[in-house]
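Participant: Submitted below is the structure of interest, expressed as C-alpha cells.
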Amino acid sequence: MITHGKSIKIFTGNSNPNLAKAICQELGVPLGNSEVGSFADGENYASIYETVRGADVFVVQSTCPFEKDGRLHTVNDSLMELLIMIDALRRASAGRITAVVPYFGYARQDRKAGPREPITARLVANLLERAGVDRIITLDLHQGQIQGFFDIPVNHLSALPLFGQYYNDMHFDTDNLVVVSPD
C-alpha cells in the first residue's frame, strides 16, 4: 500500500533480476518495463519503456559480475548499467531515485593502501551521485565508513540476523559455530 500518494516503480539491471522480481512480488507491484543490454562493441545501453515522471523509482542492481547470453559480464559492466539506468530515469523526470545495491563493488578500495593509489569506493559514490541517485540501500559494506563517502542518505543493512536465524532454524550448535568466508 502506497501512503504518500506517489507511485513506486522498481527496475532492474542484469545483475539481480530474480531479486528484483521477488521484491516486486512481495510489494505487489509490477517490475518496471525496461531493457538493459549491450551493443556488439560492448557498450551498455538502457531504455525505459514506461513513464516515471514524479514516481519513487528503485533500481535493483548489484555491482557484481554476472553471466548473460553465455558471456561473463564484469563488475564494471554492472556499474555502468546502474549509472546508465539512473541517468535515463533522471532524464525521464523520476521524482526520487533509490539505488538498491546489495553488493557494492569497489568497496574494498575504501582507503589509500599506498602512495598514488585511489580511493575507488569514494569515486563510485561520486559517480552514483553525479548520475542522479537520491538514496542508496546496500548490504554489508566492506567498512561502514563508506557511508561517509556519500552526501546523500545511505541505508546500510546487515544480513547477519538472517544468517543467525538460518543457523538456529537448522539447529546448529551456535555456541560452538564458526563461519568462515574465504578471501
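The values are calculated or read from the model by the stated rules, or taken from the named source; none is laboratory data. All figures in this text were calculated on a predicted structure; none of them were measured in a lab. Cβ: placed from backbone, ideal geometry, glycine included. Neighbour counts: every protein chain shown. For the accessible areas, the whole protein counts, side chains as well, though only heavy atoms, and no ligand, DNA or RNA atoms are used. Shrake-Rupley method; radii C 1.70, N 1.55, O 1.52, S 1.80 Å.
Participant: Taking amide H positions as placed 1.01 Å from N in the peptide plane, with prolines and chain starts having none, which residues 5 or more places from S7, or on another chain, fall under 5 Å of its amide H?
Facilitator: Result for S7 returns D56.
Participant: Which of Q25, Q165, Q61 moves most in a GNM of the chain, Cα contacts under 10 Å?
Facilitator: Of Q25, Q165, Q61, the Gaussian network model singles out Q165 as fluctuating most.
Participant: Same structure, new question: Select from H73, H156, H171 the residue whose mean-square fluctuation is largest in a Gaussian network model of the chain (Cα-Cα springs shorter than 10 Å).
Facilitator: Greatest mean-square fluctuation among the candidates belongs to H171.
Participant: How large is the charge dipole for the chain, taken about the Cα centre, if only the Cβ atoms of Lys, Arg (+1) and Asp, Glu (-1) carry charge, to the nearest 20 debye?
Facilitator: 660 debye
Participant: Follow-up question, since we're still on this one. Quick check on the chain: of the DSSP beta bridges with both residues there, what percent are antiparallel, nearest 5%?
Facilitator: Here the antiparallel bridges make up roughly 30 percent for the chain.
Participant: Summarise the accessible area of the chain (1.4 Å probe, protein heavy atoms) by the percent that is carbon and sulfur.
Facilitator: With neighbouring chains kept in place, the figure for the chain is 53 percent.
Participant: Let me ask you something else. Just to confirm a number: summing +1 for Lys and Arg and -1 for Asp and Glu over residues other than V57 whose beta-carbon lies under 13 angstrom from that of V57, what do you get?
Facilitator: +3
Participant: For I137, list long-range residues whose amide hydrogen, built 1.01 Å from N in the peptide plane, is under 5 Å from its own amide hydrogen.
Facilitator: HN-HN under 5 Å from I137: A99, V100, V101, N155.
Participant: Still on this model: Could you work out which residue, out of D87, D69, D56, moves most in a Gaussian network model of the chain, that is, has the largest mean-square fluctuation with Cα springs under 10 Å?
Facilitator: Between D87, D69, D56, it is D69 that shows the largest mean-square fluctuation.
Participant: Now for a separate question. Evaluated at 20 °C with a viscosity of 1.002 mPa s, what Stokes-Einstein diffusion coefficient in µm²/s does the chain have when Rh comes from the Kirkwood expression over alpha-carbon pairs?
Facilitator: This corresponds to a translational diffusion coefficient of 120 µm²/s.
Participant: Quick one: length gained pulling M170 to D87 fully straight, 0.36 nm per residue minus the C-alpha distance?
Facilitator: 25.5 nm
Participant: Something else about it: Convert each backbone phi in the stretch 32-47 into a coupling constant with the Karplus relation 6.51 cos²θ - 1.76 cosθ + 1.60 (shift: θ = phi - 60°), then list the ³J(HN,Hα) values in order as whole Hz, x for Gly and Pro.
Facilitator: So the J values, rounded to whole Hz, are x, 8, 8, 9, 10, x, 9, 7, 4, 7, x, 5, 8, 9, 9, 10.
Participant: Next question. With a sphere of radius 15 Å drawn around the Cβ of Y167, what net charge do the other residues whose Cβ falls strictly inside it have (Lys, Arg +1; Asp, Glu -1)?
Facilitator: -3
Participant: Could you report the stretch 38-93's accessible area per residue, 1.4 Å probe, as an integer in Å²?
Facilitator: Roughly 51 Å² per residue, with all protein chains present.
Participant: Taking the Cα-to-Cβ direction at F39 and at V75 and moving 7 Å from each Cα, how far apart do the two end points lie in nm?
Facilitator: Those two pseudo-labels are separated by 2.7 nm.
Participant: For a quick check of understanding: with a 1.4 angstrom probe and all protein chains in place, what accessible area in square angstrom does R71 have, to the nearest ten?
Facilitator: In the full protein context, R71 sits at about 100 Å².
Participant: Still on this structure: Taking the Cα centre as origin and putting +1 on Lys and Arg beta-carbons and -1 on Asp and Glu beta-carbons, what dipole magnitude results for the stretch 1-83, to the nearest 20 debye?
Facilitator: 320 debye
Participant: Along the positive direction of the dipole of the stretch 1-121 (beta-carbon charges: Lys, Arg +1; Asp, Glu -1; about the Cα centre), which of V52, T98, F39 reaches farthest?
Facilitator: T98
Participant: Sorting M80, M85 by accessible area (1.4 Å probe), largest first, what list results?
Facilitator: Heavy-atom accessible area, descending, gives M80, M85.
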